[in-house]
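Have a look at the structure below, then the notes.
Read-outs: derived from the displayed coordinates by stated rules, not from any lab. These numbers were taken from a predicted model, which means no experiment stands behind them. FYI the Cβ positions are ideal-geometry reconstructions off the backbone, even for glycines, and counts take in every protein chain you see.
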Amino acid sequence: MARDLQGKVILISGASSGIGAATALACARLGMTVSLAARRADRLQQVALQVAKAGGKAHYFSCNVANEGDVRAWFEDAWANLGRCDAVFANAGYGLSKPVLAHTDAEQKRMFEVNYFGTVRMVRYAIPRFKATAGSLKHVLICSSAASEIGLPRLGPYSATKAAQDSIASALRGELMDQGVSVTSVHPVGTKTEFFHVATGGGGEPSTNTPDAFEQTPEKVAKAVIGALRKPKPEVWPQPLARWALAFGTAVPGFAAWAMRKHERKQQAEQSGGPGDHPTDQQTESSALENLAEAAAQAPGD
């Protein structure tokens, strides 16, 4: 039986745009109250207004999940204003698109602070509030990625952060199950968001350049998240084809290596200029997955 979300409260990080904003609106339309967090207060206010127009209620708080103090202050403020906590969606994250050895240590550490440790901080502050909320859904959702399953060329450190999120989601399921807490990892691919501008240092276009088989909108991901909130499941793959392509790559690593090499050669041939010519994280992710799907189709039968 699907759970009733009316009157429940969800805290969403990275909620100023993209998947986070779309999920906030989807939750509000089902009667949930949303607490929005991101660094840009002006953008959060805009999303809160959209939630209000949709008939929902929103609380927002300027927060950088890379800072433990910010996360603590957000949860305290949300609790003081809303009085309950039913679910959290650790969605904040970003990536850089360039070879592994071109990433500085500082860039990689920063990425882990936001993507991985930001997730851990949210879970740490959520659990006590789940326990203090009567009838809480007790649901942790973590926005990982299709890149969590395989290290993609030019997305090595980003893929590593997503794999780390996927790993702790799996561990938390076992650790928190007896407390009645559901843990869901979300694995989008090729989503049209602002992510592209960040990944290219501001040079990317707001397009995934993704094959139709893999392309998706933030609203499609949000719909999948809502489905998991209503009927908890361990993993959510908004684009099932990506899951099968990656499963094949994991089962047959030789083909995965071939697909990754093909993809990297293609990127090298296409890139000859400055940062604006670099593919975004999800552009790279999607075309690499397309190569894996091609490899799966060409694999000889038993």
The range 106-193: Rg to Rh, with Rh as the Kirkwood radius over Cα pairs: 1.02
Sequence neighbours fewer than 8 away in the same chain don't count; with that in mind, list the lysines whose C-alpha is under 20 Å from K109. K98, K162
Mind ranking 6-15, 252-261 by how tightly packed they are, going by the mean number of other C-beta atoms within 10 angstrom, highest first? 6-15, 252-261
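Can you give me the relative contact order of the range 53-194 as a percent, contacts being Cα pairs under 8 Å and 6 or more apart?
Once divided by the residue count of the range 53-194, the mean separation gives 26 percent.
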Skipping prolines and chain starts, which residues have an amide H placed within reach, meaning under 5 Å, of the one on V9, given they are 5 or more residues away or on another chain? T33, D86, A87
